[in-house]
Amino acid sequence: MTRHHVSATVNGDAVEFLCETQQTLLDVLRNELRLTGTKEGCATGDCGACSVTVDGRLVCSCLMLGVEAEGKSIRTIEGMAQGENLHVLQRKFLEHAALQCGVCTPGFLMSARSLLENNPNPTESEVRYGLAGNLCRCTGYHKIVEAVLDAAREMRGA
Amino acid sequence: MSTTIKYEPRELKVVGTRPIRHDGVDKVTGRARYGADFDLPGQLIGKVLRSPHAHARIRSIDVSAALALPGVKAVVTRDDFAEMPEEYAAAGEIVVNFYDVTRNVMAREKALYDGHAVAAVAATSEAIAKQALKLIKVDYEVLPHVIDVLEAMKPDAPVLHEHQYTQLVTPKPDKPSNVAKRLEFKRGDVEAGFRQADLVVEREFNTKPVHQGYIEPQACLASYSEDGQADLWTSTQGHFVFRAQCAKLLQMEVSKIRVMPTEIGGGFGGKNTVYCEPVAIALSRKAHRPVKIVMTRDEVFRATGPTSGANVRVKMGCTRDGRIIAAEAVLNYQAGAFAGSSVSPASMSAFTRYDVDHVHVVAHDVTVNRPKVAAYRAPGAPIVAFGVESVIDEMAKKLGIDPIDFRLKNAAREGTQSYYGPKLGSIGFIETLQAAKAHPNYRVPLGPNQGRGVATGFWFNAGNETSCALNINEDGTVSLVLGVVDVAGGLRTALAMIVAEELGIDVDKVRPSHSDTTELGFNFVTAGSRGTFAGGMACVVAARDAIEKLRQRAAKIREVPVDAVEWKDGRAQPIQGSAHRFAPMTLAEIAKVAGKTGGTIAGHAEINAQGAGPGFATQIVDVEVDRETGLVKVLRYTIAQDVGKAIHPAYVEGQLQGGVVQGIGWALNEEYVYGKDGRLQNPGFLDYRVPVASDVPFVDAVIVEVPNPNHPYGVRGCGEVSIIAPMAAIANAVESAIGIRICEQPLSPPRVLAAIEEAAATRKA
Amino acid sequence: MARIVLSGNLAAVTGGETEIALEVGNVRQLFQALAEHYPGLPENFAEDLAVAIDGEIYQDALLEPIRNDSEVILFPKIAGG
Ligand code: FES
Ligand code: FES
């Protein structure tokens, strides 16, 4: 099988990788680039555990091919904190106990950041619908929604 | 040694606060490593071939073409697993029939469900492994199958196991049956009780199977070396139990297998038992290379532990003023392909919330052509509570009594005789009813098509084998090595808090981590809400062991008798009233000189924790029913649960909220859908719909603390009770909203709409 | 002698008997005595049982003492999810 040569930016770093045609971006991130913070819960676009952004747009990386990443800028959970400073959302998730097993957490954080970039002042209901593409089986969403609302407040400087 | 440590009220500094969890930063930065995140050099990818038939005899398996495919390094089938005798054997405390376990891991004579493992390959890439599966030729003789529990109980039903005769019936049956076991519990004279009753309500309930639905599929990595030793990384609720099961199935010595528990992405009972682990080790043994197996979501749904679908009949009688006199239930639970559903705890939990003189419960454990059911949070209890709490709701409504008052009149309390055995000890059921009744949510006015439902839940909770080690480091920090797996709930932090409280140090001075199976003695799986109860007791034992050594060491250093030294606020100091004066020594000061004064100091615990305290919860839910579509929207949810003591209240709330939302999914959306061919039609999260954030409201969690007298901090355990009442509470709320009692779940839109239309048609006719 | 109460389940194999008095010093001796007394008990019956000795519940506690005036109730073990 021929492998395709792909150049992209991941969390600000230029990367190059070889991948097979059918390999998903999720597969590439986890198995070629060894960025295992992005999780696979279903591989069918239904759980959001694999959420990343591609040129600023939130996508399920299990639904995108690795070759489609050519020339794109990808952000994953590994690039969310800046040095030793956690992103506000990361900090709020910790403070609000918004994670249990944590396997959904990278996906939720990516989705929540994207949500707040588009809507800095969401209502509870907007947060719930904004995160409806991410499944969490542990928390019942209560503390996740609280954490996101609180992060939004802090990010607005309110 | 069996261990119980009595509760002592005391002033608390750490317990009851809300520190950041120790595993938190790793989990928000993507560092945390789960089952699928481990790799070894030279590893192969394992894939499992699964039966497409619900029931089929396997005449032959031809793997030659698969083995010939370049890149394929090993294939295993039933021939690679030893026959196991038909006997119940303890493997690490879980008593299982290894005759069944080996057949569930790899089908032998027959494939018993859609998704049953039939063969497995290890290849240099996933693509090659998948291609190899297509080259395996299995010659099946397709047999008639049965999935519905009542169908399976009929005398002419297709029988899954020709050697299975119903246990615990006399005379011994002369025909094999899908009914593996009949259970019966009796108290008083239920017929006489019904004769005395002013009101008798009898109803029949049916529920669909659901899945635990953890977001992380099962994943493991095995490496078998030429000297017969195996290393296994796996996502498990109990690495010692997995070790025991693998050792038995692969006929290896226990010490030859080392299991490293990875971070676990949810389990809820579904990761108490092995699936791919023995297969990965067997493949690695044959291929001489490490083998990694990660299940797909489809495999998780088709082949791992769902719950029972069930049929439950409940009959209850009470007096005019609402005193329950007699209660009867028949429980028929699917066990899946092999005997052993959760019908036993279900039948013991059915009426235990109430003080009833006359009780009769009969239960059947029924094998059907579905994956073998696994535990799911308070296994079996939500299903029967759906029935019992619906009937109670109906009685209360008919008598015009407030549903909480009705339950208060009948509530079990300390000293209430259960119908299954013991008297109940100190419990907090009444306190949860009172807390629910006092909650403002109980008085919010309701609009049209809205209804309020109440229901309650009870769970036993458990103790069992537990060990831990607590090493005092040279700078006075503590490394806490745990044998109970933190299955997500924040157990590591709760236990570190207990250790910090005991030692009198800050919680961030304690670093908790999981052991592998070589570092500690045996630990049972984290199940039965036992983590904080039993793990906490072990930590107290280990901390007190360390404190004893610290006192002795300080006495030696200060040259005073040991009984002149007490441990208080993190230091060894003169005991009050002692004639011996000396300068106190902090933990850090002793730790600093420990090496030169006799060696490092550590505390240990190896216990079998006894005295688990039963947990109770009362839940209130408000729903709105869309009469046009049948959609049930949950508006408001309240849970009051007695947890004994909340070590870390935020994580306790998390258990309450998480369990409730799983229960909402069970009540409203989730179900396994089988085709006529016995195949599962919805093995994915698109068609098997678990609740998403927009489906549910905030869940108001009220923590009730009636201490368990048999735990040093009063802990009962809190992980399971929360899932028990939602099915019933929601059914009761829907009845309040639309005046129709629906006894089948899930209450998905089509089912609710059908009920509304049927009721309208009956009214017209 | 200790008063032993069998939960309803076992009645099918004890000829309907649900109560018996036995002279036993601990849980292990109790299980042995029961096996001798009721040959119809399944071989693995003890594996499935918990006991309540004078109101305190024990699982897997073979050496837990039973006094002569104890009341011991046998019922199925509990696991969980
Ligand atoms: S893994 Fe991509 S959405 Fe589930
Ligand atoms: S924290 Fe476990 S799935 Fe969300």
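Could you tell me whether residue B:475 is surrounded by fewer than 24 Cβ atoms within 10 Å (Cβ to Cβ) and not in a loop (DSSP other than H, G, I, E, B)?
On the way: surrounded by fewer than 24 Cβ atoms within 10 Å (Cβ to Cβ): yes; not in a loop (DSSP other than H, G, I, E, B): no.
For residue B:475, the condition - surrounded by fewer than 24 Cβ atoms within 10 Å (Cβ to Cβ) and not in a loop (DSSP other than H, G, I, E, B) - is not met.
Please state which of the following conditions residue B:376 fails to meet, knowing it meets all the rest: (1) away from chain C (no Cβ under 14 Å); (2) in contact (Cβ under 8 Å) with a residue 60 or more places away in the chain.
That leaves (1) as the condition not met.
Since residue B:594 meets every condition but one in (1) in a helix (DSSP H, G or I); (2) open to solvent by 50 Å² or more (accessible area, probe 1.4 Å), which condition does it not meet?
Every listed condition holds for residue B:594 apart from (2).
Suppose we filter segment A:48-62 for residues that are away from chain B (no Cβ under 12 Å) and not in a strand (DSSP E or B); how many remain?
The number of residues fulfilling the criteria is 3.
Say we look at segment B:1-16 and pick out the residues that are within 12 Å of another protein chain (Cβ to nearest Cβ) and surrounded by fewer than 16 Cβ atoms within 10 Å (Cβ to Cβ); which of these is nearest to residue A:100 (Cα to Cα)? I'd like the intermediate steps shown before the answer.
At the first step, the residues of segment B:1-16 found to be within 12 Å of another protein chain (Cβ to nearest Cβ) are B:1-4, B:6.
Now narrow it down to the ones that are surrounded by fewer than 16 Cβ atoms within 10 Å (Cβ to Cβ): B:1, B:6.
Working: B:1: 32, B:6: 30 Å.
Step by step, filter segment B:1-16, then rank; the result is B:6.
Each row is one residue, and each column tells you yes or no for (1) open to solvent by less than 20 Å² (accessible area, probe 1.4 Å); (2) more than 14 Å from chain C (Cβ to nearest Cβ); (3) within 30 Å of residue B:660 (Cα to Cα).
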position: B:175; (1), (2), (3): no, yes, no
position: B:187; (1), (2), (3): no, no, no
position: B:199; (1), (2), (3): no, yes, no
position: B:205; (1), (2), (3): yes, yes, yes
position: B:212; (1), (2), (3): yes, no, yes
position: B:218; (1), (2), (3): yes, yes, yes
position: B:226; (1), (2), (3): no, yes, no
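Among (1) under 25 Å from residue B:663 (Cα atoms); (2) more than 16 Å from ligand 1 (Cβ to nearest atom); (3) surrounded by fewer than 24 Cβ atoms within 10 Å (Cβ to Cβ), there is one condition residue A:121 misses while meeting the rest; what is its number?
(1)
Hand me the list of strands (runs of 3 or more DSSP E) wholly inside segment C:37-81 holding 1 or more residues that are at the interface with chain B (Cβ under 9 Å from one of its Cβ atoms) and over 22 Å from residue B:414 (Cβ atoms). If you could, list the steps in order and put the result at the bottom.
On the way: elements: C:49-53, C:56-58, C:71-76.
The qualifying strands (runs of 3 or more DSSP E) are C:71-76.
I'd like the full set of residues that are in contact (Cβ under 8 Å) with a residue 40 or more places away in the chain and either touching an Asp or Glu at 6+ places or on another chain (Cβ under 7 Å) or not hydrophobic (A, V, I, L, M, F, W, C) (or both), limited to segment A:99-112. Spell out how you get there, then give the answer.
Residues of segment A:99-112 in contact (Cβ under 8 Å) with a residue 40 or more places away in the chain: A:99, A:103-104, A:106-108, A:110-111.
Of everything in segment A:99-112, those that are in contact (Cβ under 8 Å) with a residue 40 or more places away in the chain and either touching an Asp or Glu at 6+ places or on another chain (Cβ under 7 Å) or not hydrophobic (A, V, I, L, M, F, W, C) (or both) turn out to be A:103, A:106, A:107, A:111.
Out of B:540, B:487, which single residue is out of contact with any Leu (no Cβ under 8 Å at 6 or more places or on another chain) and within 16 Å of ligand 2 (Cβ to nearest atom)? Break it down stepwise before answering.
Values: B:540 fails: within 16 Å of ligand 2 (Cβ to nearest atom).
Unique residue meeting the criteria: B:487.
Select from segment A:99-118 the residues that are within 16 Å of ligand 1 (Cβ to nearest atom) and either farther than 20 Å from residue A:61 by Cβ or over 15 Å from the mean Cα position of the chain (by Cα) (or both) and list them in ascending order.
Our first condition is that a residue be within 16 Å of ligand 1 (Cβ to nearest atom); within segment A:99-118, this holds for A:101-112, A:114.
Across segment A:99-118, the qualifying residue is only A:101.
Name the one entry in B:157, B:152, B:127 that is free of Cβ contacts under 8 Å to residues at least 40 places away in the same chain and in a helix (DSSP H, G or I).
Values: B:157 fails: in a helix (DSSP H, G or I); B:152 fails: free of Cβ contacts under 8 Å to residues at least 40 places away in the same chain.
Every option except B:127 fails the conditions.
Of all residues in segment B:254-266, which are in a loop (DSSP other than H, G, I, E, B) and away from ligand 1 (no atom under 16 Å from the Cβ)? If you could, list the steps in order and put the result at the bottom.
Let us first name the residues in segment B:254-266 that are in a loop (DSSP other than H, G, I, E, B), namely B:262, B:264-266.
Result: B:262, B:264.
For segment B:267-369, give me every one of the helices (runs of 4 or more DSSP H) that falls completely inside it and has 2 or more residues that are within 12 Å of another protein chain (Cβ to nearest Cβ) and under 25 Å from the mean Cα position of the chain (by Cα). Spell out how you get there, then give the answer.
Values: elements: B:277-287, B:297-303, B:343-349.
Filter on segment B:267-369 gives B:297-303, B:343-349.
Run down A:126, A:84 and say which single residue is more than 8 Å from chain B (Cβ to nearest Cβ), under 15 Å from residue A:149 (Cβ atoms) and either free of Cβ contacts under 8 Å to residues at least 60 places away in the same chain or more than 10 Å from the chain's Cα centre (by Cα) (or both).
Values: A:84 fails: under 15 Å from residue A:149 (Cβ atoms).
Selected residue: A:126, the only one of A:126, A:84 that is more than 8 Å from chain B (Cβ to nearest Cβ), under 15 Å from residue A:149 (Cβ atoms) and either free of Cβ contacts under 8 Å to residues at least 60 places away in the same chain or more than 10 Å from the chain's Cα centre (by Cα) (or both).
Would you check if residue B:414 is farther than 30 Å from residue B:707 by Cα and surrounded by fewer than 24 Cβ atoms within 10 Å (Cβ to Cβ)?
Values: farther than 30 Å from residue B:707 by Cα: no; surrounded by fewer than 24 Cβ atoms within 10 Å (Cβ to Cβ): yes.
Spelling it out, it is not the case that residue B:414 is farther than 30 Å from residue B:707 by Cα and surrounded by fewer than 24 Cβ atoms within 10 Å (Cβ to Cβ).
For segment A:72-97, give me each residue that is assigned to a loop (DSSP other than H, G, I, E, B) and within 15 Å of ligand 2 (Cβ to nearest atom). Working first, answer last.
Restricting attention to segment A:72-97, the residues satisfying the condition of being assigned to a loop (DSSP other than H, G, I, E, B) are A:72, A:76, A:80-81, A:83-84, A:86-87, A:96-97.
Those that are assigned to a loop (DSSP other than H, G, I, E, B) and within 15 Å of ligand 2 (Cβ to nearest atom): A:96, A:97.
Among B:653, B:671, which is the only one that is more than 12 Å from chain A (Cβ to nearest Cβ) and open to solvent by 10 Å² or more (accessible area, probe 1.4 Å)?
The unique qualifying residue is B:671.
Between A:70, A:78, which is open to solvent by 50 Å² or more (accessible area, probe 1.4 Å), in contact (Cβ under 8 Å) with a residue 12 or more places away in the chain, away from ligand 1 (no atom under 16 Å from the Cβ) and at the interface with chain B (Cβ under 9 Å from one of its Cβ atoms)? Break it down into steps so the answer makes sense when it comes.
Numbers: A:70 fails: at the interface with chain B (Cβ under 9 Å from one of its Cβ atoms).
The unique qualifying residue is A:78.
What are the residues in segment A:37-47 that are open to solvent by 20 Å² or more (accessible area, probe 1.4 Å), within 7 Å of another protein chain (Cβ to nearest Cβ) and either away from ligand 2 (no atom under 16 Å from the Cβ) or of a type outside the set (D, E, K, R) (or both), if any?
A:43, A:44
The values are calculated or read from the model by the stated rules, or taken from the named source; none is laboratory data. Keep in mind that this is a model prediction, so the values were computed, not measured. Ideal geometry is used to build each Cβ from the backbone, glycine not excepted, and the neighbour counts take in all protein chains shown. Accessible surface is based on the protein model in full, side chains and every heavy atom, while ligands, DNA and RNA are left aside. Shrake-Rupley method; radii C 1.70, N 1.55, O 1.52, S 1.80 Å.
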